[in-house]
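To start, the structure itself, in structure tokens.
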Amino acid sequence: MPAAGTTYVRGRACEICASATVPRQLRGGGTLESCPACGHVRRPLLSAPAAHRDLAYGGDPALDSARIALTFRALRPKAVSSVFEIGYGAGALLRRFHDAGARVGGVDPGQLDVDVDPVVREHGALWSGPAEDLPDGWFDADLVVGVHVLEHVDDVAATLAKATTMLRPGGRAVFLTPAGDSWGLTAYGSSWWMLEDPTHIRFFSADSLARAASGAGLTGATVDRLVMDSVTTDAASLARMRGQ
């Protein structure tokens with residue numbers, strides 16, 4: 001229940017559960033749209049600029065290399081024969097799966113304008129454009145993965161539904177995305193590192209992510225918190241806060 005004296009303004013419908021959103025004031029200035037029913041957060045850039053950079057963030061090469069190694073280790077508890085990545089970027093993760101013997105494919109809109117690993121370009125089944133435009137069944141995979149992609153896409157429901165069509169029976173879909181229900185968003189406010197990228201337009205709660213997965217036809221959804229991502233986000237957020 002809202003605290004006495006709190007005024008809520010009815011906002012647009014939540015993209016996950018269709019409940020009316022309410023304003024969420026950020027420490028340091030700015031306003032997000034928050035769903036009181038499922039905890040989902042939308043970020044209108046005009047109301048929550050958060051001193052964002054001009055372009056999407058391509059990442060620090062050294063940090064990204066370490067994160068890719070840890071992500072690969074986490075995603076591969078057992079051998080998989082085929083992997084499809086939504087938002088493959090430079091293809092670093094797909095290269096690791098290719099070198100491990102998997103057939104690889106992916107889709108990417110080319111937002112970061114980076115060079116793709118030559119081995120992945122030669123041997124992977126790659127589609128340039130939004131995931132929503134992929135023909136159903138264009139690739140079949142034991143594992144569909146998206147690393148920091150769901151916070152960017154125009155239509156998250158369509159993206160998850162497309163991932164479902166790529167999965168073989170018994171396959172897994174794994175998505176890594178910033179947590180809108182993390183303490184960091186509250187503690188750092190507009191200095192939260194995940195607000196620095198202007199193309200970050202949504203942040204999931206554990207509940208809203210599970211609902212989105214279920215709505216796309218994925219079953220048995222679980223939500224985990226990755227320590228490496230949390231530590232790097234906290235460090236970068238603190239640096240932003242001190243620099244402002």
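Going 7 Å from the Cα of Thr164 in the Cα-to-Cβ direction, what parts of segment 216-230 have a backbone nitrogen less than 13 Å from that spot?
Hits in segment 216-230 for Thr164 at 13 Å: 216-221.
In the chain, what is the volume of the convex hull around the alpha carbon atoms, normalised per residue and reported in Å³?
Expressed per residue, the convex hull around the Cα atoms of the chain is 129 Å³.
How large is ³J(HN,Hα), in whole Hz, for each residue of segment 83-93 in order, when computed from phi with the Karplus curve 6.51 cos²θ - 1.76 cosθ + 1.60 and θ = phi - 60°, using x for Gly and Pro?
Values, residue by residue: 9, 10, 10, 8, x, 7, x, 7, x, 5, 6 Hz.
Roughly how many debye, to the nearest 20, is the charge dipole of segment 184-244 about its Cα centre, given +1 on each Lys and Arg Cβ, -1 on each Asp and Glu Cβ, and no other charges?
In debye, rounded to 20, segment 184-244 gives about 100.
So what is the relative contact order for the chain, in percent, with contacts set as C-alpha pairs under 8 Å and at least six apart?
Computed value for the chain: 21 percent relative contact order.
Mind checking segment 162-244 for trypsin sites (Lys or Arg not before Pro) that DSSP puts in a loop (not H, G, I, E or B) and that have at most 10 other Cβ atoms within 10 Å?
Those satisfying the criteria are Arg225.
Ignoring the sites themselves, what is the longest stretch of the chain with no chymotrypsin sites (Phe, Trp or Tyr not before Pro) in a DSSP loop and at most 16 other beta-carbon atoms within 10 Å?
139-244
Between segment 147-164 and segment 171-244, what is the separation of their alpha carbon centroids in Å?
14
Quick note: the coordinates plus some simple rules give every number you see, no bench work behind them. On a predicted model such as this, the values are computed, not experimentally measured, just so you know. When we count neighbours, we look across all protein chains shown, and the Cβ atoms used for this are built from the backbone with ideal geometry, even at glycine.
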